[in-house]
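I have placed the structure first, in the form of structure tokens, so that the comments after it can refer back to it.
The values are calculated or read from the model by the stated rules, or taken from the named source; none is laboratory data. This is a predicted model, so every value here is computed, not measured. Here the Cβ positions follow ideal geometry from the backbone for every residue, glycine too, while neighbour counts run over all protein chains shown. Accessible surface areas use protein heavy atoms only, side chains included; no ligands, DNA or RNA. Shrake-Rupley method; radii C 1.70, N 1.55, O 1.52, S 1.80 Å.
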Amino acid sequence: MAGMFIDVEVDAKVAADPALARKLTDVCPVNIFAQEKDGRLRLVEENLDECVLCELCIKAAPPGTVRVRKLYES
Ligand code: SF4
């Protein structure tokens, strides 16, 4: 089976907003989001392949500001 991997992109404005960063950290069931000490969002790269494509992060943020991409290895 061809490998699939996930890339998550978050707009800089959202990543810099501690309230939204907290919301994302709370909703993701596999802890792909975390917060820095100053409240900024941090993507937990090593958890990206655990993404279950639930889209909770997409719904938690303003439309279009969080994107979950499915990438396939050729
Ligand atoms: S789609 Fe679900 S599992 Fe994937 S990053 Fe968003 S909240 Fe986490």
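Calculated mean residue ellipticity at 222 nm for the chain: -6000 deg cm²/dmol, from DSSP H runs with n ≥ 4 weighted as -39500 (n - 2.57), summed, divided by the residue count and rounded to 500.
The phi-based Karplus calculation (6.51 cos²θ - 1.76 cosθ + 1.60; θ = phi - 60°) puts the 3J(HN,Hα) values of segment 62-70 at x, x, x, 8, 10, 10, 10, 10, 8 Hz, whole numbers, x for Gly and Pro.
Coupling constants for segment 7-15 follow from the phi torsions by the Karplus curve (6.51 cos²θ - 1.76 cosθ + 1.60, θ = phi - 60°), and in residue order they are 10, 10, 10, 10, 4, 4, 5, 5, 4 Hz; glycine and proline get x.
Calculate the FRET efficiency for Val52 and Asp11 from the Cβ-Cβ distance with a Förster distance of 22 Å, rounded to the nearest 0.05. So, using R0 = 22 Å, E works out to roughly 0.50.
When only Cα pairs below 8 angstrom with a gap of at least 6 residues are kept, the chain shows a relative contact order of 44 percent. Rolling a 1.4 angstrom probe over the chain with all protein chains present gives an accessible area of which 52% lies on carbon and sulfur atoms. Annotation: lysines with alpha-carbon distance below 24 angstrom to Lys37 (same-chain offsets under eight excluded): Lys13, Lys23.
Rolling a 1.4 Å probe over the protein heavy atoms gives the chain an accessible area of 67 Å² per residue.
Derived from the Cα gyration tensor, the three semi-axes of the equivalent ellipsoid of the chain are 22, 12, 11 Å, largest first. Taking the C-alpha atoms only, the angle from helix 18-27 to the longest principal axis of the chain is near 40 degrees.
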